[in-house]
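Below is one structure, written out as structure tokens; the observations come after it.
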Amino acid sequence: MSLSSFLQGVLPQTAAGADALDQAAQGLGYTLSVPDFGGLRTEAQQTQLQTWEQQSCATGQGCYAVAPPGSSFHECGAAFDVQIVSGGSSDADYRALADLAPSVGLRAGYYFAQSDPFHFELPMSLAQACQLYNQQTTGLAIGGSALALVLLGVVVWWAYSKP
């Protein structure tokens with residue numbers, strides 16, 4: 001099963017990058033998975049993750065990189081998180097995974113100022129990612145509305161064309 005099959009709603013470019021990363025990782029002997037909330041997130045999910053991270057950090061259970069709501073590539077379908085489930089899980093393994101990112105069209109969170117070794121995103125600004133996401137999701141909505149109008153027109157034509 002492809003990694004992108006666990007990334008419902010992300011941009012097609014994100015899904016393609018995830019599958020390419022997964023294939024390259026398999027070549028290094030790694031098996032990847034997507035954790036809960038590892039793909040597209042709503043603002044509410046991003047807020048919940050930030051709350052959990054703050055609680056985890058405050059109680060000494062570990063601090064993790066979580067972008068504030070409204071500033072996450074996940075909210076625009078342009079990011080995903082992975083876990084290495086077999087083949088290794090050390091820092092060196094996540095660095096090896098991060099080093100694959102540019103060759104598959106991604107940017108790795110491993111190298112961010114606040115390292116996030118599980119995170120991968122499209123190499124663009126957040127504004128560009130959100131604009132692309134909005135264009136694609138709005139395009140789908142408009143396409144669906146246009147189809148509904150066409151079908152309505154066919155039904156009306158059919159109803160009035162009967163003798």
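All of the numbers you see were taken from the coordinates with simple rules; none came from a lab. Treat the numbers as computed from the prediction; the structure is a model and nothing was measured. Every residue, glycine among them, receives a Cβ derived from its backbone with ideal geometry; neighbour counts consider all protein chains shown.
Normalise the Cα radius of gyration of segment 3-123 by 2.2 N^0.38 Å (N = residues in it) and let me know the number. Mind dumping the intermediate values first?
Numbers: Rg = 13.7 Å, N = 121, 2.2 N^0.38 = 13.6 Å.
Taking N as the residue count of segment 3-123, the ratio is 1.00.
Give me the distance in nm between label points sitting 7 Å out from Cα along the Cα-to-Cβ direction at residue 99 and residue 28, one decimal.
0.7
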